[in-house]
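*Asks:* Can you keep this structure in mind? I'll have questions shortly.
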Amino acid sequence: MIRASLLDLRPLRASADFRRLWWTQAVSVLGAQLTLFAVLLQVWRLTGDPLWTGAVGLAHAVPLVVVSLLGGVLADSHDRRRLVLLGTVGQLVATTLLAAQALLGNRSVLLVLGLVALQTAFAALAGPARRTFVPRLLAPALVPAGLALTHIGFQAAMLVGPAVGGLLTAGAGLGWCYAAQVVALAVSVHGVARLPSMPPEQDRAGGTGDGTAAVLRRVGAGLGFVVRRPVLRGSFLTDLSATLLAMPVALFPMVNEERFGGSAQTLGLFMSAVALGGVAASLLSGAWTRLSRQGMVMLAAASTWCVALTVFAVVDGLVLTLLALAVAGAADTVSVVARGTITQLATPDALRGRVAAAELVVGMAGPDLGNARAGAVAAATSSTLGLVSGGLLGLLGVLAVAWRIPEVRRFSVERQPAGRPG
């Protein structure tokens, strides 16, 4: 019983291709965290201005939103392995240029941001296609476990990446953080190149043609499918309820200042608690990835996220504060994996690229807007009201989805067809 509750490793045993993809992608994500650390540090050293460090977010967000929609269309009309390979090679070139400018002593912040935007654009081009790999490489029953394994690699990189980046910068210089990602991306190129060809199922949704109007029609067809399919609409609305209404990160500095005197170490513990909770949930993922009713898993996890953040708003003491954040982090991991399972298995292969692109946009816009909402409410009232109102409104939103869209509650992995095209 205990063994069955631990991290489900069956996908690694079932598919050599998935195993290779998993470890090379984990290396790549660690490299990405090193680069994020290096970019923020370099921009701060060049400008000393928080407006410019904030601009790093825009350099990521704008190409991600714009290019990922195009990437979704291409993923549904071209070999997905080749598309991901192209995007990864593009990232490799952009990161090589980032390493070169740092090692050569560049003083232009605009050059750094431009290269970050270029790197992100290539990542966004490949992102939707990359998200279709798991259901093509694994049987439907193993998709939740496969996504959980992918997620724990990301969380582990978030935990150790900044620390490794700090040590590498102190010992060898900031440019070597970029150089480390060059190596990591080369490993990722190797992993993707050895995957089998993955052409999408043929589909004419949105029409044919290569012009701008045809591309927009295909994007619209993907978005229209999300709106028309109740289980997908419900999963997206659940995500927006939990992030748009209950995102707490923007208030971490304010809460830290009010409760703990603004200690930088304590603020760092806030983020570490969320990540540690996520890692713990992943290590125990066998308990929930083996469940067929992933719709109920998602709804329960999203509700727990909202409740945990409401508790975070009102508890006293550092231990209870960190515990509430750890519970929220664990719930977020479960919700993300369950939602990814629903999105992939409830979408026909011919539309997976476009639906994955929509999921990427929602996954980025929701937290950003949620942090803006929390900040605005807290500025007008208090941090406690900003957090409590968000947690309770988010919970009501999730419960409304569960009530109004029963297809989400009823979603079962066992009822889904195999993900490979016939």
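*Asks:* Could you tell me which numbered condition LEU110 fails, if it satisfies all but one of (1) of a type outside the set (Phe, Trp, Tyr); (2) in a helix (DSSP H, G or I); (3) touching a helix residue (DSSP H, G or I) at 6+ places or on another chain (Cβ under 8 Å)?
*Replies:* Among (1) of a type outside the set (Phe, Trp, Tyr); (2) in a helix (DSSP H, G or I); (3) touching a helix residue (DSSP H, G or I) at 6+ places or on another chain (Cβ under 8 Å), the lone unmet condition for LEU110 is (3).
*Asks:* Could I ask something else about it? Among the residues of region 205-224, are any of a type in the set (Lys, Arg) and modelled with pLDDT of 90 or more?
*Replies:* No, region 205-224 contains no residue that is of a type in the set (Lys, Arg) and modelled with pLDDT of 90 or more.
*Asks:* How many of the residues making up region 228-258 are modelled with pLDDT under 90 and in a helix (DSSP H, G or I)?
*Replies:* 12
*Asks:* From the list LEU83, LEU46, which residue is of a type outside the set (Phe, Trp, Tyr), in the same structural domain as GLY166 (by TED's automatic domain parsing), over 21 Å from the mean Cα position of the chain (by Cα) and assigned to a helix (DSSP H, G or I)?
*Replies:* Step by step, each of LEU83, LEU46 is checked, and only LEU46 is of a type outside the set (Phe, Trp, Tyr), in the same structural domain as GLY166 (by TED's automatic domain parsing), over 21 Å from the mean Cα position of the chain (by Cα) and assigned to a helix (DSSP H, G or I).
*Asks:* If you don't mind, another one. Looking at region 67-74, can you tell me whether even one residue there is surrounded by fewer than 18 Cβ atoms within 10 Å (Cβ to Cβ) and out of contact with any strand residue (DSSP E or B) (no Cβ under 9 Å at 6 or more places or on another chain)?
*Replies:* Looking through region 67-74, at least one residue is surrounded by fewer than 18 Cβ atoms within 10 Å (Cβ to Cβ) and out of contact with any strand residue (DSSP E or B) (no Cβ under 9 Å at 6 or more places or on another chain).
*Asks:* Of LEU40, LEU7, LEU70, which residue is touching a residue at least 24 places away in the same chain (Cβ under 8 Å) and assigned to a helix (DSSP H, G or I)?
*Replies:* LEU70
The values are calculated or read from the model by the stated rules, or taken from the named source; none is laboratory data. Since the structure is predicted, the reported quantities are computational estimates derived from the model, not experimental observations. Here the Cβ is made from the backbone with ideal geometry for all residues, glycine too, and neighbour counts use every protein chain on show.
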